[in-house]
There are 2 protein chains.
Amino acid sequence: MTASAGVFDKGLERNAANFVPLSPLSFLKRTASVHPGLPSVVHEGRRFTWGETYARCRRLASALVRSGIGKNDVVAAMLPNIPAMYEAHFGVPMAGAVLNTLNTRLDPEAIAFMLDHGGARVLLVDPEFASTVAKALPLMQGPKPYVIDVDDAAFEGGGRVGAVEYEAFLTTGDPEFVWEGPSDEWDAIALNYTSGTTGNPKGVVYHHRGAYLNATSNVLAAGIPPHPVYLWTLPMFHCNGWCFPWTIAALAGVNICLRRVEATKIFSLIAMEGVTHMCGAPIVYNMLINAPDAPDARAGRPVIGLIAGAAPPMAVIAGAEKIGIDIHHVYGLTEVYGPASVCARQPEWAGKSIDERARLNRRQGVPYHLQEAVTVMDPDTMQEVPADGETMGEIMFRGNIVMKGYLKNPKATAEAFAGGWYHTGDLAVRDPDGYVMIKDRSKDIIISGGENISSVEVEDVLFKHPAVLLAAVVAKPDPKWGEVPCAFIELKDGASATEREIIDYCKQHLAGFKTPKAVVFGEIPKTSTGKLQKFILRQRVGSAGAITA
Amino acid sequence: MTASAGVFDKGLERNAANFVPLSPLSFLKRTASVHPGLPSVVHEGRRFTWGETYARCRRLASALVRSGIGKNDVVAAMLPNIPAMYEAHFGVPMAGAVLNTLNTRLDPEAIAFMLDHGGARVLLVDPEFASTVAKALPLMQGPKPYVIDVDDAAFEGGGRVGAVEYEAFLTTGDPEFVWEGPSDEWDAIALNYTSGTTGNPKGVVYHHRGAYLNATSNVLAAGIPPHPVYLWTLPMFHCNGWCFPWTIAALAGVNICLRRVEATKIFSLIAMEGVTHMCGAPIVYNMLINAPDAPDARAGRPVIGLIAGAAPPMAVIAGAEKIGIDIHHVYGLTEVYGPASVCARQPEWAGKSIDERARLNRRQGVPYHLQEAVTVMDPDTMQEVPADGETMGEIMFRGNIVMKGYLKNPKATAEAFAGGWYHTGDLAVRDPDGYVMIKDRSKDIIISGGENISSVEVEDVLFKHPAVLLAAVVAKPDPKWGEVPCAFIELKDGASATEREIIDYCKQHLAGFKTPKAVVFGEIPKTSTGKLQKFILRQRVGSAGAITA
């Protein structure tokens, strides 16, 4: 038998009827057409419908085009989770431009670097961050962006720094603007800078295809039904809110905006708006669990909460369940559009104890439905480590939910993609069921007397101590052992503990060499997305890793 | 402001880490890895897990490759909904080959035509259809395929016509076979012949990209959660079971096989296996509704039933709800991978009467989430008709869920894609809410005294008559009016009616010119997928349209 001679290709090429570049902009167009009257975005007293949101996004795109913005121009946003931030996720790429959401907690130097590096032409600014931007602009070396202030009647204070207000800018645009999707689904849609604890931040470039597929894959990962009510506890500046702006548009859900992560406000919105889904870092859930007004799990149907951003302590996963949040654990990095793996639940887990469920569910798991692969490999040999729960390697991703690469950084791009896989820099094992279980960032591992200690494992024990609110463990230089674990602890309100008590507690639950040799009490520095900033803690203990980490 | 000079493309090309051709084969690989022990396929006494199904599919692919099958070779299947048919949906494309599922109710001449036209190299045959195949093979003009018999212990009778039995063939394959996905997501995955009432059937070619996207879009259309239990009431030979073999793999659900659509068997499997989802043509649901042992809607949680294949009568949509089937109405054709539009529910419909819900829900609706567009256009001007519920035009699709084209038929392909849209040949209006509402196949419309009569509208009235089980209305030549409606009616068991009664009933509900002028009682000829074969009825009444239709 021989292969057919091209009959399945000849005359069967792509054409306008059967091929359209994948783009999440299609989701908004469809939902505005199918459900124009359903609620789209809610922010304090403001409520929009999908018809209105689409018209506003088209106005934004049109106004940008009239301002001279076109393909691959960068539009930056220094905004909290407000309607304009949501609209930017559609209006900016509708103009052919690339959305660069800025981490609102960064300092003026970092902002200036990003505006220069990305070459932002336009910058949307919230009054709360006007002073940061006012300081950042003079630090820029290249041409400055055209600045648009986004007023918010629900916010008091702050200032203006721009040439025009957002609503006035929108009026210069056409609500019937005929936009074009990307000419190629590989075209850039967003630019997201990594937190950059090692040198300058890197600009991660997303394409329309990946944004489309990750937004869709979110639905499969958490089994989200049509018309979810989604609470914006996760910053939209963080991996484009893990692509949920596009997911919620696809599902014709409701976006409940949230300027600030605050327990009382969140519980109130959950009850008032009937929130069904939310996302966040472990610290967000930890705050809710420990809030004095946390509801009982039996108060109503659970909220589905996606958690990612760091290895979540077991106490957080179990604790969330107790306050009525059903945790779905996902894992990823900026380079893979936020989460691109999920700790897929096995039906038999339902019969297990809450602690056992938490232990199983805290793992990084398996690929997203629409991601090709996640695994753990030896980065030297590029061989998968055995699924023995012990052999450590580096977590690697491969598939369509992986960035285009780093902007203007071919060296870092080539390193990240060496051997045909994206290298995360996270160290992990493969459990016997094939699930990936993170052990540490490669720079967070502690090597004591030649033995590897997973800081995550030690933190897990600390989190179980009744007085501990937050814990971070880093390597402290030691003349005898090379490194020893040092614990930083934030105590719960009103709770107390001594260094001795903490160390004794750890000794009961950990091998001797893994037990922290020092305990430091006080507030732990965090990134704006709630990650504990271990590189600062390492600096405090004089760790060698502190210089590059 | 000027556009950036390519910084978002240079050095950011596709590579092995960030680009993998979309293929539904990825779903099986992922699910077999994540849920190897969960049930995959159930057929009578046989139960497979996902690990087993994946190994069997790899064996099949490997055995095919060892037989000399390679890229773009056609493997045909003359099989009912049994495990081998499910496995063929993965094993065949894993070998790089193209799956050509044959309609098992076709006659030997039609089968011979398809085997010749597609150039099938291998043919899988079920004993029930061995005699048809035995007659078809000598009718072929080209080289004959290698025939594999697929025995079924649960089926009595039939025969063998092949060189080897399927299980023996599988043993020649490697369960660890390392398969490669398509080198291009535009590569062919399946070949499906249209029913071909006009001349020779046309071979519709599907690509991996479209199969992947439609399989995913099915999930969004019906809000299917993880691990559905799916009953195979829809033939897998029909548009690859509307791509549900791939959908169920993506969701790690259970495939409940079904050789024959039979009410008692279906009700029994729904109860025993805990069926959650099914698909079918209106005639399947109609049979269930009218079965003497139909359950009460209150018997348990409803089964989600996707319905497509013809404009479903209101009585079927409303009736299904009464027996505990929650109908989701989708619409499409072979050329768009089965359904590619959905009658998306509006939340406010829930408060309406069952009849009103049925009226709203029977429309063809709006695009699938991952389809770009469906609309109604004047095929001459290619302008969208106004959304007035009255102006008739042709339903057109555009997007990624549209075929590559017709095999070895560039003329038909060009016609189908004229003006950058796929032309369905179905006539419809756009309702004021933008939903597409089918009126007729263009060849089914009746023109009486210059007025258009929608056969669907007349049939809808007939279906409401208490004695009517099935109804089909066609044009009958008339010396005065040109054409007049003629009704063909199948009565319910034990029911009776006269021509006079039927005509009087119609007069109460229809304009005079739309009322059938003749009524014929008796069994109505159907296609294997349950479509009423109007071209045969037209022949009986001597309609001019009968020759080409």
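The numbers here are math on the coordinates, done by the rules we state, and not lab data. Since the model is a prediction, treat every value here as computed from it, not as a measurement. Don't worry about glycine lacking a Cβ; one is built from the backbone with ideal geometry, like all the others, and counts go over all protein chains shown.
Which three semi-axes in whole Å describe the equivalent ellipsoid of the stretch B:144-195, each the square root of 5 times a Cα gyration tensor eigenvalue, listed largest first? Walk me through the numbers before you get to the answer.
Details: eigenvalues 150, 74, 24 Å².
Taking √(5λ) for each eigenvalue gives 27, 19, 11 Å, largest first.
What is chain A's relative contact order, in percent, from Cα pairs under 8 angstrom and six or more apart in sequence? Walk me through the intermediate numbers first.
Working: 1195 pairs, mean separation 58.0, N = 549.
With pairs under 8 Å counted, the relative contact order is 11 percent.
State the antiparallel share, in %, of DSSP beta bridges confined to the stretch B:213-441, rounding to the nearest 5. Before the final figure, lay out each step's value.
Values: 23 of 37 bridges.
The antiparallel proportion sits near 60 percent.
In percent, how large is the relative contact order of the stretch B:264-338, given Cα pairs closer than 8 Å and 6 or more residues apart? Could the numbers behind the result be given before it?
Values: 102 pairs, mean separation 24.3, N = 75.
Value for the stretch B:264-338: 32 percent.
Against the longest alpha carbon principal axis of chain B, how many degrees, from 0 to 90 and to the nearest 10, is the axis of helix B:455-464 turned?
Helix B:455-464 and the main axis of chain B meet at about 80 degrees.
What's the FRET efficiency of A:Arg301 with A:Ile447 using the Cβ-Cβ distance as r and R₀ = 60 Å, to the nearest 0.05?
The pair A:Arg301/A:Ile447 has a calculated efficiency of 0.80.
Find the Rg to Rh ratio for the stretch A:446-546, where Rh is the Kirkwood radius over alpha-carbon pairs and Rg uses the same atoms.
On the Cα set of the stretch A:446-546, Rg over Rh gives 0.94.
Under the rule of at least 5 residues apart or a separate chain, name every residue whose amide H is placed under 5 Å from the amide H of B:Leu124.
Answer set, sorted by chain and number: B:Ala76, B:Ala77, B:Met78, B:Ile148.
So in the protein assembly as shown, what percent of DSSP beta bridges are antiparallel if you round to the nearest 5?
Percent antiparallel among DSSP bridges in the protein assembly as shown is about 60.
In whole Hz, what ³J(HN,Hα) sequence does the stretch A:504-513 give by Karplus (6.51, -1.76, 1.60; θ = phi - 60°), x for Gly and Pro?
Calculated HN-Hα couplings, in order: 4, 4, 5, 4, 5, 10, 9, 4, x, 5 Hz.
In nm, what does the list of distances from B:Arg160 to its counterparts in the other copies look like, shortest first, when each label sits 7 Å along Cα to Cβ?
8.7
Between copies, how far does the label point of A:Ala414 sit from its twins, in nm, shortest first, when each point is 7 Å from Cα along Cα→Cβ?
The answer, with the shortest distance listed first, is 4.8 nm.
How big, on average over all directions, is the shadow cast by the Cα convex hull of the stretch A:1-109, in nm²?
Orientation-averaged projected area of the Cα hull: 12.6 nm².
Restricting things to alpha carbons, find the Rg to Rh ratio for the stretch A:236-298 using the Kirkwood radius for Rh.
My calculation of the ratio gives 0.97.
Along the Cα→Cβ direction, 7 angstrom out, place labels at B:Arg66 and A:Glu501. What is the inter-label distance in nm?
6.8
Modelling each spin label as a point 7 Å along the Cα-to-Cβ direction, I'd like the B:Asp107/B:Lys144 distance in nm, to one decimal.
Distance between label points: 2.1 nm.
Ordered by residue, what ³J(HN,Hα) values in Hz, to whole numbers, does the stretch A:372-380 give under the Karplus form 6.51 cos²θ - 1.76 cosθ + 1.60, where θ = phi - 60° and Gly and Pro are x?
6, 7, 9, 7, 10, 10, 6, x, 7
Let me see the pair-distance distribution of the stretch B:31-181: every alpha carbon pair, 5 Å bin width, integer percents in order.
Reading upward from the zero bin: 2, 10, 19, 23, 20, 14, 8, 3, 1, 0.
In whole Hz, what ³J(HN,Hα) sequence does the stretch A:136-153 give by Karplus (6.51, -1.76, 1.60; θ = phi - 60°), x for Gly and Pro?
Couplings: 6, 4, x, 7, 5, 9, x, x, 8, x, 6, 9, 10, 7, 10, 6, 9, 4 Hz.
Along the three principal axes, how long is the stretch A:261-441 when you take its alpha carbons, biggest first, rounded to the nearest angstrom?
Principal-axis extents of the stretch A:261-441 (Cα, largest first): 51, 39, 25 Å.
Taking N as the number of residues in the stretch A:39-94, what value does Rg over Cα atoms divided by 2.2 N^0.38 Å take?
1.15
Fewest Cβ neighbours within 10 Å first, please rank A:Met278, B:Met314 accordingly.
B:Met314, A:Met278
Helix B:50-66 sits at what angle to the longest principal axis of chain B, using alpha carbons and giving 0 to 90 degrees rounded to 10?
It is inclined by approximately 70 degrees.
Taking a point 7 Å out from Cα toward Cβ as the label site, list the nm distances between B:Ser268 and the same residue in every other copy, smallest first.
Ordered by distance, the counterparts are at 6.0 nm.
For chain B, state the average projected area of the convex hull of the C-alpha atoms over all orientations, rounded to one decimal in nm².
Averaged projected hull area, Cα only: 28.6 nm².
What is the angle, in °, between the Cα long axis of helix B:83-94 and the longest principal axis of the Cα atoms in chain B? Nearest 10 is fine, range 0 to 90.
60
What residues have an amide H closer than 5 Å to that of A:Ser40, excluding those fewer than 5 places away on the same chain, when H is modeled at 1.01 Å from N in the peptide plane?
Amide H neighbours of A:Ser40: A:Phe48, A:Thr49, A:Trp50.
With the Cα gyration tensor of the stretch B:223-355 in hand, convert its eigenvalues to equivalent ellipsoid semi-axes via √(5λ) and list them largest first in whole Å.
Over the Cα atoms of the stretch B:223-355, the ellipsoid semi-axes are 20, 19, 15 Å.
Per residue and in Å³, how big is the convex hull formed by the alpha-carbon atoms of the protein assembly as shown?
Working: hull volume 190.7 nm³, N = 1098.
Given the Cα convex hull of the protein assembly as shown, per-residue volume reads 174 Å³.
What residues have an amide H closer than 5 Å to that of B:Phe177, excluding those fewer than 5 places away on the same chain, when H is modeled at 1.01 Å from N in the peptide plane?
Those qualifying (amide H under 5 Å, at least 5 residues apart or on another chain) number zero.
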